[in-house]
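Only one structure is covered here, and it is reproduced in the block below.
Coordinate-derived values only; no laboratory data. Owing to the predicted nature of the structure, the values given are computational and were not obtained by experimental measurement. Here the Cβ is made from the backbone with ideal geometry for all residues, glycine too, and neighbour counts use every protein chain on show.
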Amino acid sequence: MGILLFVFRLFLVIKGIYGAPEVNQPRPFFVFGDSLVDNGNNNFLITPARADIFPYSIDSPSKLPTGRFFNGLNIPDIISSVFPCFFYTYMPCEHIGSEPVLPFLSLELHEEKLPLGANFASAGVGILNDTGFQFGEIIAMPLQLEYFKVYQQKLSSLVGEEKAKDIVNRALVLVSLGGNDFVNNYYLVPFSTRSLQYTLPEYVIYLVSEYRKILMKMYEMGVRRAILLGSRPLGCAPAEIAQHNELSGECSTDLQAAAELFEPQVDQMVKNLNAELGTEVFISASTRLMYFDMMNNPQAYGFVTSKSACCGQGAYNGLDFCNAYSNLCENRDELVFWDAFHPSERACRLIVEKIVNGTDDYMRPMNLTTIMYLDSRV
Ligand SMILES: *[C@@H]1O[C@H](CO)[C@@H](O)[C@H](O)[C@H]1NC(C)=O
Ligand SMILES: *[C@@H]1O[C@H](CO)[C@@H](O)[C@H](O)[C@H]1NC(C)=O
Ligand SMILES: *[C@@H]1O[C@H](CO)[C@@H](O)[C@H](O)[C@H]1NC(C)=O
């Protein structure tokens, strides 16, 4: 028997004893929520809320649409890719960046891809079940969590129950929820059902209490580290300026008020929830502040403007959806907004910089650098 074969046999024995090799294993990543983080689930559904047409993903390597509502990478993609080492729980780390996790509905999500995590997000959804109902077949939060359970069952049959539990426990989780509960529910039409039922402050209280239930369910399902994206500048999106303040170019005050109310209350809820759980499971990212920096002084961040979208039509390119017949700007990096609702890849990168390295004005109770440091030591 050759020495190589012997070494190989020995390797198999060791592998058998210690399970799969752990060195350089990427940290698992799960993503939940709306179009800010959906990376293609809606491609598989019957819904108008989709981004699988030109020119979406125009700045991706293939230039082909992927289902992301962006010109290139979105926030979860960038979080995956900015971690040459951090994303690997076990040192030493040789890989440069991990690949984005696959949409849960992707047929490629099996075998060796499964332990890397999954993206359950679906454009159009919100905290409430009725948010986005006009988009037809989208994956509302109860179903995203149901799919998370299905995922865990599949993972268990692949790697065993113990290991599956461990993978979920040590995963990083990203959640984007809340914007659609205003844009595609409360303020969808004048005199919406929800706006007749609740004043805005009452509605925010209700939303945050429902959000808490979702987070609690995630915790019960094994989530131990989750970053929650806060408010977007809802009223300052090109769509809202075009619809409400075409002449003045001012932000829509109703939606801005909603965003201002929502984030601090999520913050407080997260603080209480963590105290109750006795550990800092949930991290509140003040995307409100991150956007505020960019929108207040776009030039300081290398943007030409924050008012107009790159892809769209009508005032500020803010009317209807971005499609093959829309106006399309040449340099996507010059604009804060890619389409009427979604930031450009460059704006996403600036947000991720704050998520990774921001002070506690931006990341409460801590930034991702600190999270990765703490979690690599358990
Ligand atoms: C939303 O739907 C889920 C499951 O379909 C249900 O358990 C939950 O009670 C609903 N939430 C509200 C607020 O109606
Ligand atoms: C965070 O800060 C470190 C050290 O200053 C830097 O090397 C890294 O590129 C930053 N990461 C991001 C995403 O900005
Ligand atoms: C955030 O991350 C940086 C590392 O880039 C660290 O030096 C800093 O102290 C962290 N800030 C907070 C508030 O955790």
* **Within the chain: Cβ-based charge dipole about Cα centre, in debye rounded to nearest 20 (Lys, Arg +1; Asp, Glu -1)** => 1000 debye
* Dipole of the chain, positive direction: furthest Cα of P28, F69, N43, with charges on the beta-carbon -> P28
* To do: Quick one: how many lysine pairs does the range 26-375 have with C-alpha atoms less than 23 Å apart and a gap of 8 or more or different chains? Give me the count, please.
  => 18
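Sorted by mean Cβ packing within 10 Å, highest first, what order do the peptides 209-221, 190-202, 173-185 take?
Numbers: 209-221: 16.5, 190-202: 11.7, 173-185: 25.9.
Answer by packing, highest mean first, reads 173-185, 209-221, 190-202.
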* Structure fact -> Among N245, A285, N272, the residue whose Cα sits farthest towards the positive end of the charge dipole of the range 188-345 (+1 at Cβ of Lys and Arg, -1 at Cβ of Asp and Glu, taken about the Cα centre) is N272
* For the range 113-172, size of Cβ-based charge dipole, Lys and Arg +1, Asp and Glu -1, in debye -> 260 debye
* Asked: How far, in degrees from 0 to 90, does helix 141-159 lean away from the longest principal axis of the Cα atoms of the chain, to the nearest 10?
  -> 10 degrees
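Given a Förster distance of 22 angstrom, what is the FRET efficiency for K213 paired with L158, based on the Cβ-Cβ distance and rounded to 0.05? Please report the intermediate quantities before stating the final value.
On the way: r = 30 Å, r/R0 = 1.36.
The value I calculate is 0.15.
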* How far apart, in nm, are the 7 Å Cα→Cβ label points at D361 and K165? -> 4.3 nm
* So how tilted is helix 3-18 from the main axis of the chain? Cα-based, degrees 0 to 90, rounded to 10. -> 60 degrees
* By how many nm would the segment from L196 to E137 grow when fully extended, if each residue of separation counts as 0.36 nm and the alpha-carbon distance is taken off? -> 18.7 nm
